Amino acid sequence: MNASAHSIPHGHDDRDAHGHDDQGGGHGHIVLQYQPGLPLSKGKLIMWLFLSTEIMFFAALLGSYVVLRFGAAVWPKPHHVHLSEPIGAFNTFVLICSSVTIVLALEAAKANKVAMAKNWMLATLLLGSLFLGIKGYEYSAKFSHGIYPAQPHSRIYEKPDLYYGSAVRARLDELRKVPLGLVPAGLRDEADRSAEAGGTVDLLKRLDEAPAEKLSAEQQTARGRFQKVQKMLTNPGQQPFDLAVVADQIMPLPSEGAGSHGGHASGLNDDFPWLRLPTVIPGGNMWASTYFLLTGFHAIHVAVGLLVFAILLTYRLDRKRAGMIENAGLYWHFVDLVWIFLFPLLYLF
Amino acid sequence: MSEPTAPADSHGPITRVGAPSSTVAHDHDSGHDDHGDGHGSHGGIGQYLAVFAALCVLTTMSFLTYSSVWPWRDQPHVGWAFMMAVSCTKAMLVVLFFMHVLWEANWKFVLTIPAAMMAIFLALMLVPDVGLRNRMVSQERLLHMARPNDLLLMEQAAEAQVLADPVAH
């Protein structure tokens, strides 16, 4: 009981708690004052209440990820889905640095060093933006491999079965009737310019007829592989295995020994990016759903934090604002905390 | 605990607030009294930098499980347990030092422990329906879901080099 009765409110903005001696002094009666049950300022209390709901929010997301992942029959290796561990580790480092800079901004503000506080705050904002930039780069790498969380864009198939084979055939048929405007630069023809607007181009035929000097050395060998893959699709011998070969040619799953080589083997989709053929990543659909959900919600939190920092930067960051900076910092540290768990769970497990 | 300075002070929540207790020079250990004190830095910038260095070292440690230095590559569970231990350590460091929880009064338990319990139960509740979902599968799911032998098939295909020009693996 006494513990809470005598404690002094933590925040600096709680100055009404100190003033009652002056008010009550001359009137001959004691002015009583109610203390809040928790010895901290309202802003900080609300921030901590919010953070405790955030703990549950992210625990539900992380928990469902763990449960989905370990309950799955097959889960892709990080290299199957083109995750780069060094990039993830670097992003972790960036977030840790930003946690330090916001703490230093708070210390500077408490010491009334306004310019210094502003500089540390700016550094935090820049580091947070760097994190989002790297995340965006990673997302675009996923998208370029046809890894999306949902169907219209996603080109992930779970296994090399008949459904996969017919999806590849359907895409090849599409490539035989590509509208003029969508022909990739390397395969454009003089005749295209004079052709009428509604015309289509058979890209597969055009690739076959392309002169060797228009293609790089890798593309020349890839063209030969592609022709064999097409034959294999139209006349498969031992179907399930042939389709596994087709899938391996289109986008190979890098073998184990992840540490040995960082890059991934090049498939037809990499040699000719315009092919955009369906790929096989066993367990890849569930992986994509959880990956984008987890990192997406985390990125939204980072973006909100950046917004708060941008708003704080418009203030004079002196001792009076220390409470505000502390609350923003609490939020930011929590965002860092979530990433501390996300990084190993997504990149290293 | 400070001793009462006026009779009114003994009335529990109705209290008179004195001048802030004089700040003690904070050694890292003498700093956590039950008073939330609003003065100065808790541990000083040197301590923050030490925590920062520890966080960097820990991140490197969990990254080591990915490198070829890691001796238990064939037993993923060792790496998982290690990484989770490292992550929990990092989380504790951030919470205790950067979020100042080490120096907060006892309210910190009121807010964090129920939330943590809730978090753990939320995840546990998912185990029967989601975690064990592949124990019993419908015919349709069986048809479409990937199975380990699909992965095996892909690996065999990669090794078979059926096509004349092998892919540069």
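The values are calculated or read from the model by the stated rules, or taken from the named source; none is laboratory data. Since the structure is predicted, the reported quantities are computational estimates derived from the model, not experimental observations. For neighbour counting, all protein chains shown are included, and Cβ atoms are generated from backbone atoms with ideal geometry for every residue, glycine included.
The requirement of being more than 26 Å from A:L277 (Cβ to Cβ), in contact (Cβ under 8 Å) with a residue 60 or more places away in the chain and outside any helix (DSSP H, G or I) is not satisfied by A:N91.
When B:M83 is tested against (1) out of contact with any Ser or Thr (no Cβ under 7 Å at 6 or more places or on another chain); (2) at the interface with another protein chain (Cβ under 7 Å from one of its Cβ atoms), only condition (1) is not met.
Can you say whether A:F50 is more than 9 Å from chain B (Cβ to nearest Cβ), at pLDDT 90 or above, surrounded by fewer than 19 Cβ atoms within 10 Å (Cβ to Cβ) and assigned to a helix (DSSP H, G or I), as far as the supplied structure shows?
yes
For the stretch A:267-311, filtered to residues that are crowded, with 19+ Cβ neighbours inside 10 Å and small (G, A, S), the residue that is nearest to A:L61 (Cα to Cα) is A:A288. Looking at the stretch A:180-235, the helices (runs of 4 or more DSSP H) lying wholly inside it that each contain 2 or more residues that are surrounded by fewer than 16 Cβ atoms within 10 Å (Cβ to Cβ) and in contact with a helix residue (DSSP H, G or I) (Cβ under 7 Å, 6 or more places away or on another chain) sit at A:217-234. Identification of helices (runs of 4 or more DSSP H) wholly contained in the stretch A:240-349 with 2 or more residues that are without any contact (Cβ under 8 Å) to a residue 12 or more places away in the chain yields A:284-313. Select from the stretch B:56-80 the residues that are facing another protein chain (nearest Cβ under 7 Å), part of a helix (DSSP H, G or I) and out of contact with any Ser or Thr (no Cβ under 8 Å at 6 or more places or on another chain) and list them in ascending order. Across the stretch B:56-80, the qualifying residues are B:C56, B:F63, B:W80.
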